[in-house]
Structures are given as C-alpha cells and as structure tokens.
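The values are calculated or read from the model by the stated rules, or taken from the named source; none is laboratory data. Quick caveat: nothing in here was measured; it's all calculated off a predicted structure. A quick note on method: Cβ atoms are made from the backbone with ideal geometry, for glycine too, and the neighbour counts reach across all protein chains shown.
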Amino acid sequence: MSQESLRSQSKASWERKQEKPVQTVCKTVRQYSSAPVSPEDMQKLLDIAEDYRRVKNYVYTRYGGIGSLSKLYPGYTVQNEMTACGLREQLGLPSVYFYLAVFEALGDIRRQWIRTKSKLLRLVNRNEGFTEEEKHYLRFLLKVSNAFEAAVNQKPVELAAKLKAQYRTLADRTDTDRMHRYLCRQVRKYHVKPHTDTADTFSLSERAYRYADHGIYISIKEKRKRVFVPLTDNNQYGCQIRVKLYPQENRMEFIVPVHVAVRSHGDYQNQTGVAMGFFTMLTTDTGRRYGEELGEYQLAYSDWLREQSSVYNRNRSSNPGRKKYRDKKRRLEERLHSYINQELNRFLREERPRTVYIIKFPKPRAGGADKRINHSIVQWQRGYIKKRLTQKCREQSVELVEVLGKDISRTCSVCGALGVKKEGEFNCSACGYTDEEKTNTARNVKKRGQGDGVLYGQRRKDPHSGGRTHKPPVPNQNGAEQNRS
Ligand SMILES: [Zn+2]
C-alpha cells in the first residue's frame, strides 16, 4: 500500500473509532503481473480456478432451487452441509478457497432470486386478469421472503406478529391457493439456477496471499507451497482480491475493491448540465468542452477493429496469432479509457459542480447513422463514460441527476419551441435563438433537471424510483425547495 493510501486508511479508521462515521465509496483498482507467468505456475492457478468453478456449480445445483430458499440467509446451514458433503477433500482444495467459492455461489443464488422476483413482480403488475386485492397479495408474497418461501413450497405461511396481521387481512380477501399455484408456475417458468463455465478466475481471501518482494505470493493446492507473481506496482491491500488469469497471454490481473473516503468540496457549488457526444465527450450548458479528441480516439479504435476482423476472416484457415491482436486491442482500449478518465477529472476540477445533470440513455437502437462508426463500440464507450462519471461523482460527493431525453436536442432552450439542427448548429425560428447544438442540448438538460423531467439523483436512495418518472422536489439555485406539482 502506498504511503498516501496508508495514511488515509488509518485516518479513516481513527475517525471511525471516534464514532464519526466517514462516508466511503467502493472503488475498483487493478494490479498486473509484471513478467510472464510460467506455464507451470499458470497451470497451478488454473487448477484452483477449475475447482472453484466446480464448487460453485455444485452449490448452484444443490441450493439454487425453491427447496433451499430457507437456507440462503444467513447461509450457515449451507456452509455446514458443504463441509459434510466431502467435496472439499475430494478436490483437495484448501479451505481458504473452498468456502469463498461457496459463499460467492450463495451470493449469486440470492441475486438470481432477486432477479426472478422482480420479473414476477412486473408480470403481476401487468396481468389484467387479477383484481387489485390479488395483486396486492402477490406483491406481499414477493416482498416478504418468508412468505414467498412458504407459498412456493406449499407450506403454511408463518410470520412474525406484525406482518401476520397484515398478511391475514390480505389473505382473507383472496383465493390464496390459486395465488400460490400461480406463483409456483411462474417460478418454474422463469427461475433458472445459476451456472458457470468460466474457469479462469477465482477469489483470494486475505489468508490466501501475501505481498512481498515487489509481488504477491499466492497459496496453491500443494501444502505450504506458493506461486510468486511479480507485480507492476508496490501497492498492498488487505482485503478479498479477485484473480483473473490470461493463460494464452501468460499474464494475470488482480481486481481489488478499495473503500476510499468520499471527498467533499465546499467550493463545488455549480449546477452543470452536460450533453454527451461521440466527437466531443462532454459539452456544458455554458459551451465548455471536455474530451474534444474522443471522436478521434474512438474512430482509431473502431477502424482498427474493423480492419482486424477482415484480416482475420481472410486468414481464418491459417489462423494468425491472436495474441498480438489481443495485446494491441488492450493497448488501444487502455489509451481510450485513460483519455476518458483524464478528461472527466478535468471536467469536475474545472466546473466545480454541486450537481451534474445528464440525459438518461434511451434503449440502444439497431443500426448507427454513420457506417464508419461501429455501433456496438459507440454504445459501449458511452456506457463506460457514464459509469466512470457516476463513480467519480460519488467519490467527490457531487450529485448526479438524470433527466428524460425526449426531443431534448431539437427543443429551443430559450422558448421551448422545436427548432432545427444543422451542421452542429441549433436554430430556433420562433425566437431567433441560435447556438452550438450541444450547448443548446446541455442547457435543456440543466433546465429539465431543475424543473420537470427529473428521473432520479444518485443521492436519492429510493429503490422504487428506478426507471420510473417521478418528480421529487429539487432544490433550485437558491437552495430553496421548489414545489412543482
Ligand atoms: Zn426559441
């Protein structure tokens, strides 16, 4: 760990001891092997990854269904049963890896159930064959885990006193058997047990590795043996680390979740609307630009990819080395990403925003306007930029608010009439306003963010607001609450 991060971490823990909670945010850092990993060492690590995969699939199969719902929280039953089943001994996998794989798989199963339940919730809400009471009852089952578990396993619903009263009122007004049968049918139809074919990754608990000698020592299946991997940096972390193996490239990546204290800037007071673009990454409502070379970077990348795929198709039979291709692809991608990050940092530093307003992305459409622009890459980079901006805003306690984007670039930011876009210029014939197209858009973004059209801000932790339009009170520029209903 670097001196600086050591200092900030010990400071953070000192502050925690003083019972002043420090707000932290999770950030992913990566470490890389600095020299080629020998085939023998790589094989030892691949063996762990393969066992890791087997353990996870075993857990998925055994505990991924409705019969195991009651065992998912907090998971000790599963842990005990997995100890008793003998799989660990059979594989010869050290327990530092075995139990991590078990708990990771359990986490995946839980997430899978959350997905299934939200799918079912959407179906219930859309189903016109149900009365309001029936929908209400089904929503209750989908929300209360114990009730759900009982219902899909045809067991009597038993709940704590407070919930029980609520349950009874709802149950008395519905044909519960019919509802439970419906739920079972939908679960059978939509719930899938997780499964993984990936055998190039596993996690390291703190006990499975040690940093030293400009690298990392990793426990392997042989007792008291370690694989040493030299690293490109000397940072040291003390948490669970994810290992990713690239056997064909003889290299490894270490993915480390780090909690960093949220920084807040008293002087960040601006309200900034931004428009995103392919050629210029961000244009603000005052016409300032960040990432003006983005287009060139993206075109260089997509041109190269296109060229490569045609070369590849021509030489498919002779199968030219893919290693060179992957190396180059990675370098171009890294170059593009570091440019994006650098410009996003500059954006926050120079704009000093308290709130950033941005358009909520529409669903990806098929086919791009410009054939030269590989559409999937554009979509992906836009997603990357958004993801990075979201993370950076979180780290600097800047609020990020998404607004609806319908007609936003065609609307005049002065009078609201629909205008004409031409060659990067926006013209409004109604009021005569004319401006750079993206600036006009960014002005609309800010207006919508402060007025109507707000989707949700990062700070509003309302789980029900996802994807739905609602209009929470938003402080206006004077900081006062505005009522817009
Ligand atoms: Zn106008």
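For residues that are in a loop (DSSP other than H, G, I, E, B) and at negative phi, tally how many sit in the range 239-266.
Matching residues across the range 239-266 total 7.
Of the set (1) within 30 Å of residue 37 (Cα to Cα); (2) surrounded by 15 or more Cβ atoms within 10 Å (Cβ to Cβ); (3) more than 27 Å from the chain's Cα centre (by Cα), all apply to residue 201 but (3).
Which of the residues that make up the range 231-247 are surrounded by 13 or more Cβ atoms within 10 Å (Cβ to Cβ) and in contact with a strand residue (DSSP E or B) (Cβ under 8 Å, 6 or more places away or on another chain)?
From the range 231-247, those surrounded by 13 or more Cβ atoms within 10 Å (Cβ to Cβ) are 231-232, 235-237, 240-247; that's our starting set.
231, 232, 235, 236, 237, 240, 241, 242, 243, 244, 245, 246, listed by residue number.
Scanning the range 408-427 for residues that are in contact (Cβ under 8 Å) with a residue 12 or more places away in the chain, more than 11 Å from the ligand (Cβ to nearest atom) and more than 19 Å from residue 360 (Cα to Cα) turns up 421, 424, 425. Could you grab me the full set of residues in the range 207-227 that are over 31 Å from the mean Cα position of the chain (by Cα), of a type outside the set (A, V, I, L, M) and in a strand (DSSP E or B)? Selection gives 226 alone. Taken over the range 406-427, the criterion of being surrounded by 21 or more Cβ atoms within 10 Å (Cβ to Cβ), over 16 Å from residue 283 (Cβ atoms) and touching a Gly at 6+ places or on another chain (Cβ under 6 Å) is satisfied by 412 alone.
The rows are residues; the columns are (1) assigned by TED's automatic domain parsing to the domain that holds residue 32; (2) polar (S, T, N, Q).
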site	(1), (2)
194	no, no
206	yes, no
213	yes, no
218	yes, no
228	yes, no
248	yes, yes
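When residue 50 is tested against (1) at pLDDT 95 or above; (2) more than 30 Å from the chain's Cα centre (by Cα), exactly one condition is not met: (2). Across the range 170-219, the number of residues qualifying as without any contact (Cβ under 8 Å) to a residue 24 or more places away in the chain and in contact with a Phe, Trp or Tyr (Cβ under 6 Å, 6 or more places away or on another chain) comes to 2.
Return yes when residue 442 is in a loop (DSSP other than H, G, I, E, B), hydrophobic (A, V, I, L, M, F, W, C) and either within 10 Å of the ligand (Cβ to nearest atom) or closer than 21 Å to residue 291 by Cα (or both) and no when it is not. No. For the range 430-448, the set of residues classified as closer than 17 Å to residue 359 by Cβ and among the hydrophobic types (A, V, I, L, M, F, W, C) consists of 442, 445, listed by residue number.
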